[in-house]
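The next block holds one structure in the form of structure tokens; read it before the comments.
The values are calculated or read from the model by the stated rules, or taken from the named source; none is laboratory data. Please read all numbers here as calculations on a predicted model, not as lab measurements. As a convention, Cβ positions derive from the backbone with ideal geometry for all residues, glycine included, and neighbour counts pool all protein chains shown.
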Amino acid sequence: MRPLSTDLRARVASALAEGETVRGAAKRFGVSVASAVRFGQRQRSGRGQVPGQIGGHRRPKLAGEAGEWLMARLVEKPDLTMRALTAELAGRGVHVAHDTVWRFVKRAGLSVKKTLLAAEQMRPKVARFRARWQAHQHRLDPKRLIFLDVEAGIEIVPVERFPR
């Protein structure tokens with residue numbers, strides 16, 4: 001979408017300066033109420049009516065020193081999450097969203113995979129529960145177990161064990 005012409009912006013702003021209501025000026029010139037408000041604000045603040053640039057290339061925030069540090073950090077500790085990397089970058093003064101870090105990692109050709117052994121399995125409490133489960137697992141009768149595929153979206157209807 002192209003910006004509205006400077007002439008139209010000036011006409012809306014002058015109508016507002018002459019006392020016309022924002023809604024009336026917006027309707028008369030065929031612009032949105034929000035645009036009319038912005039044109040009036042720009043005129044009153046003395047910034048003029050020249051529209052800002054639309055589109056164009058933005059230099060990536062993780063280019064240069066921050067990108068080099070991020071690559072070195074991933075080589076040093078490859079199992080960091082995107083959110084952890086984002087927090088470390090914020091500590092260094094580079095404030096970005098975690099998806100910005102993800103796009104940087106993807107563009108760099110790196111892949112961040114989950115480990116086969118989740119880190120939480122090493123916590124003492126979880127390790128204790130896993131050991132207890134593994135010790136008692138042999139007692140289960142596989143014929144009495146029901147396996148559900150929760151991702152399939154299939155509705156499970158209970159079956160009567162002793163139909164009448």
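Applying the set (1) surrounded by 11 or more Cβ atoms within 10 Å (Cβ to Cβ); (2) modelled with pLDDT of 90 or more to Leu80 leaves exactly one unmet item: (2).
For the structure I just gave you, tell me whether Ala13 is at pLDDT 85 or above and either exposed (fewer than 13 other Cβ atoms within 10 Å of the Cβ) or closer than 19 Å to Trp102 by Cβ (or both). No, not satisfied.
Restricting Gly48, Gly56, Gly19 to those that are assigned to a loop (DSSP other than H, G, I, E, B), touching a helix residue (DSSP H, G or I) at 6+ places or on another chain (Cβ under 9 Å) and small (Gly, Ala, Ser) reduces the list to Gly48. If you filter segment 59-76 down to residues that are surrounded by 11 or more Cβ atoms within 10 Å (Cβ to Cβ) and in a loop (DSSP other than H, G, I, E, B), you find that the one that is modelled with the highest pLDDT is Leu62.
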